[in-house]
Amino acid sequence: MKGYHYATPKEKLEDAVNYVMKVNPNITHDTIGVKRRLSKTRAGKDTIVDEYYVDYYNDGKSYVSIAIKTGKGMCSYVFRYAGDEQDWKTSSTSDMFICYAYDEADKGGSEGNGGVDEKTLKYLTALFEKELVNNVDKQLKSVHTDDE
């Protein structure tokens, strides 16, 4: 949908993103490694077990799921850091991009599903930039460049 390029390694970008998500009261970061209680049958006996799982689109390394509070409700986003672990270790630059975005009325999607109408896309990217990207820029003391 839209990408943001930084002249900093992924680790520094990720630290800045995590800081902004922590201090901005309008951003809710989905937790990673959510614990849930399940009933399982083991050796013929029903037991309750605690199990951890990680949502593929919120793995804490490549994909991050957030919600941003607005006056009308919550907009949801999944963004991704570009590259893989090897790229992150060796590159002096980094990128993040919005994979999925939905407004308060659940209108949106991704570029891969046929796109999002222009008005919704502008609204969702402007909100993402206001609440996250611009604050990451301040935290890094640098300005991103857009990846379209």
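Computed from the coordinates by the stated procedures, all read-outs in this text should not be read as laboratory data. Predicted model, so just to flag it, every value in this text is computed and none were measured. In this analysis, Cβ positions are derived from the backbone assuming ideal geometry, glycine residues included, and neighbour counts consider all displayed protein chains.
For the cross-link pairs LYS10/LYS122; LYS2/LYS119; LYS10/LYS138; LYS89/LYS138; LYS69/LYS122; LYS69/LYS119, which exceed 21 Å when the distance is taken from alpha carbon to alpha carbon?
LYS10/LYS122; LYS89/LYS138
I'd like to know how the range 63-108 sits against the 2.2 N^0.38 Å rule of thumb: what's its Cα Rg over that expected value?
Here the Cα radius of gyration is 1.47 times the empirical estimate.
Could you check the simple spin-label distance between ASP84 and LYS122, using points 7 Å along Cα→Cβ, in nm with one decimal?
3.9 nm
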